[in-house]
Amino acid sequence: MKQIISILARHTASFIILSILNSATLLSQYSASNQVVTLEVLELNKVIVSKQLLALESPLYYQSSSEGPVVSAQTRLVWTSNGEWRKISVASKQASRSCIVHISLQEMNGDTNTRHQLELTDASTHDFIQGLSKSAGSCGVRFSVIMRDPDGEPAHFHSVVYTVTSS
Amino acid sequence: MRPLTRTLALTILLLSVGGISGAYSQLTILGGNINMTVTTGVAGGEPIAVTNATISLRYRLQNRITKITVRTSCPGQRFNLAVVATSVPQGTAAPQVTLTNGMLAVDLIVSIPRRPPNTNQTATLLYTASSTFAQGNSAELGNDVHTITYTLLDQ
Amino acid sequence: MKFHFLILVPIILLFCAQMQAQTVYATRTHRVTVIVSTITLVQVSSGVVNMTISGADAVAGQDLMTLTNQSTNLLWGINSSLKKITVNTSLAAPQFTLKLLAGSSTQGTAAPQVTLSTVPADFLLNIGRSSGNCILQYTAEALASQGTGTDPHTITFTVQNQ
Amino acid sequence: MKQNKQTSSNQESVMKKSFAVLATAVLSTMIVETTFAQATATQNVTLAVNTVYKIATSGNPGPLTITTGTAGVDALTSVNDASTTYSITQNFGNTVKVTAHLDAALVSGYILDMNLASTKGTSAGTIDISNATSGSAVDVVTNIARGADAGQIITYTFSANASAGTLASTTKVVTLTLTN
């Protein structure tokens, strides 16, 4: 009887070991293949204005002899930058001596340091919005024109350029 | 019978009786005729050769040094047969002789010394029959029947 | 008497000459018959061949999986003319395909690759009166879509009249 | 007379027996001849087909470089690559699947999606594998039937947010695993 039990125990042990081995074999069966993927995100800075053309026209232009704001118009400046510590500068390529153009920020959306108002009297570049860092944002831009010389040229174009650069 | 004729007849008779009696007693093949059959082989190799050592050659020593030669006649021979003398009591066994149809007599036992003794000497003849698979079989080609001649003569 | 002498002297001289030459004391003959039976032998260098198709034999994207085995040889010895060797398997309904080709045969003409079935197919032709060998080139084919399994074949090589 | 008849019968019996013995001998000779003339050799060949899993890819995709975006939108313009394929062979069953994982997860703000086409199985569609590592591989094709599926297109899509910043050229190892 002891012998029978011993034999049975031995066979059962073998069976269990075999079963475990088989299960392990089944579980461990697979095939794999690798691919190498190269990822890169370049720095990109995008800025646009909602209105490409703003008309600043006033009937008082020919009547008044004193300086003062005549008319204003508003556009929206929108940007995206994944760079760090960027700024948006602004410049007028065709500034006229006969008037002063004021730009002021409205409804700032985004975490930035800004100058809320500046004058475009010449072609020099002015920092406008600073501290852009890995973000997308927008703001309203209000243009005001103050006439200096009523006898000056009756109409002219300002080409205002916004540029994202390093701070 | 005239004396001349009687003398001639006596001389010839003497010579003849001497020769015949010498031939019958000086060399004897013991064992008669034999068949040797190659029955099996090795795949990828060749058929296995068979040997036969049941035949003996009995010979007597002479007054001069003698030898025994062997030759065969086997018209249309297809297979291989060789013989060598073993257990040679007097004389020296030559290397194994391949027996081929039409061969000249080849030495089998050489340097058989002069008598005495004047008793029978018996050597064993070991025959080896062989073939290759390429040589075919007897059922298709027939058997090789060798008439083998042994001669005892002066060396 | 003188005449007798004249006759006898040459005979005796001849006898003496014969005695001086190589004397043949005796000549005996007997008959030896060599018989070569019809011998037909065929054997394999090993009685067991194990072939296992596994991942190493599969090509990704290909349903057909192939494995070859050239580990064994067939040897033969035949001393009769116009023979051939046929081959068949005992397995009536194999799950997978097993093919066989005689490679590098030293004699005869190898038949085209045979897909093994229970019907004997020519394996090696024109091998009468020769001894030789060839490589047993087994090719196993299985489709992945067939799943797994085992085919136990008993392959029989038979020498037959051609 | 009776004795004679018996003797005759015995002789007949002996004759019959002799004939039978002779016939047997002749037949035996024929069988021996046949045996000699027709030899056979046998060989046991066991052909086993084990479980097979095989997957391969055609190579590596091209660099996935994000170069543009839309002003005012944090999500940059994603890029994709569908230049590589995968092929599989398996004979296990219909529950086999392909999983995918990266050697290391992507930084937050970057997303790598992949889509594996399939004719033998069910594609999981476009799956985000950005955070799938060896311990958390994601199923990309499931219920693959036995057989082979060759040249199925792998599409990678790489997306990023501006707020995540730039990403210097980085390699990631994508492992596709065919398993049950």
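The values are calculated or read from the model by the stated rules, or taken from the named source; none is laboratory data. Keep in mind that what you see is a predicted model, and the values were worked out from it rather than measured. Glycine also receives a Cβ, built like all others from the backbone with ideal geometry; neighbour counts cover every protein chain displayed. The accessibility values were calculated without ligands, DNA or RNA, using every heavy atom of the protein model including side chains. Shrake-Rupley method; radii C 1.70, N 1.55, O 1.52, S 1.80 Å.
Worth a mention:
Yes/no matrix, rows are residues, columns are (1) touching a residue at least 24 places away in the same chain (Cβ under 8 Å); (2) open to solvent by 30 Å² or more (accessible area, probe 1.4 Å); (3) in a strand (DSSP E or B); (4) in contact with a Phe, Trp or Tyr (Cβ under 7 Å, 6 or more places away or on another chain):
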{"position": "D:Ala48", "(1), (2), (3), (4)": "no, no, yes, no"}
{"position": "D:Lys54", "(1), (2), (3), (4)": "yes, yes, yes, no"}
{"position": "D:Asn60", "(1), (2), (3), (4)": "yes, yes, no, no"}
{"position": "D:Thr70", "(1), (2), (3), (4)": "no, yes, no, no"}
{"position": "D:Thr89", "(1), (2), (3), (4)": "yes, no, yes, no"}
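- Hits in the stretch D:64-90 (condition: more than 33 Å from the chain's Cα centre (by Cα) and either among the aliphatic types (A, V, I, L, M) or within 14 Å of chain C (Cβ to nearest Cβ) (or both)): D:Ile66, D:Ala71, D:Val73, D:Ala75, D:Leu76, D:Val79
- Filter result (open to solvent by 60 Å² or more (accessible area, probe 1.4 Å) and either within 23 Å of B:Glu46 (Cα to Cα) or free of Cβ contacts under 8 Å to residues at least 24 places away in the same chain (or both)) within the stretch C:63-87: C:Leu82
- Unmet requirement for C:Asp122, which otherwise passes all of (1) farther than 17 Å from D:Thr46 by Cβ; (2) in contact (Cβ under 8 Å) with a residue 60 or more places away in the chain; (3) of a type in the set (D, E, K, R): (2)
- The single condition among (1) within 10 Å of chain C (Cβ to nearest Cβ); (2) open to solvent by 60 Å² or more (accessible area, probe 1.4 Å); (3) at pLDDT below 95 that B:Arg71 does not meet is (3).
- Any hit, the stretch D:119-142, residues being in a strand (DSSP E or B), within 14 Å of chain C (Cβ to nearest Cβ) and in contact with a Gly (Cβ under 9 Å, 6 or more places away or on another chain): yes
- Single residue of B:Leu81, B:Leu104, B:Leu57 found to be of a type outside the set (Ser, Thr, Tyr) and under 30 Å from C:Thr38 (Cβ atoms): B:Leu81
- Qualifying residue in the stretch D:118-129 (condition: out of contact with any Lys or Arg (no Cβ under 8 Å at 6 or more places or on another chain), open to solvent by 60 Å² or more (accessible area, probe 1.4 Å), farther than 29 Å from C:Ile53 by Cα and touching a residue at least 40 places away in the same chain (Cβ under 8 Å)): no
- Summed over the stretch C:109-142, the residues that are at the interface with chain D (Cβ under 7 Å from one of its Cβ atoms) and either of a type in the set (Gly, Ala, Ser) or open to solvent by 20 Å² or more (accessible area, probe 1.4 Å) (or both) give a count of 2.
- Residue in the stretch C:148-159 that is open to solvent by 40 Å² or more (accessible area, probe 1.4 Å), more than 7 Å from every other protein chain (Cβ to nearest Cβ), closer than 24 Å to D:Val49 by Cα and among the polar types (S, T, N, Q) present: no
- Selection of the stretch B:75-103 for residues being in contact (Cβ under 8 Å) with a residue 60 or more places away in the chain, surrounded by 15 or more Cβ atoms within 10 Å (Cβ to Cβ) and more than 14 Å from the chain's Cα centre (by Cα) yields B:Gln77, B:Arg78, B:Phe79.
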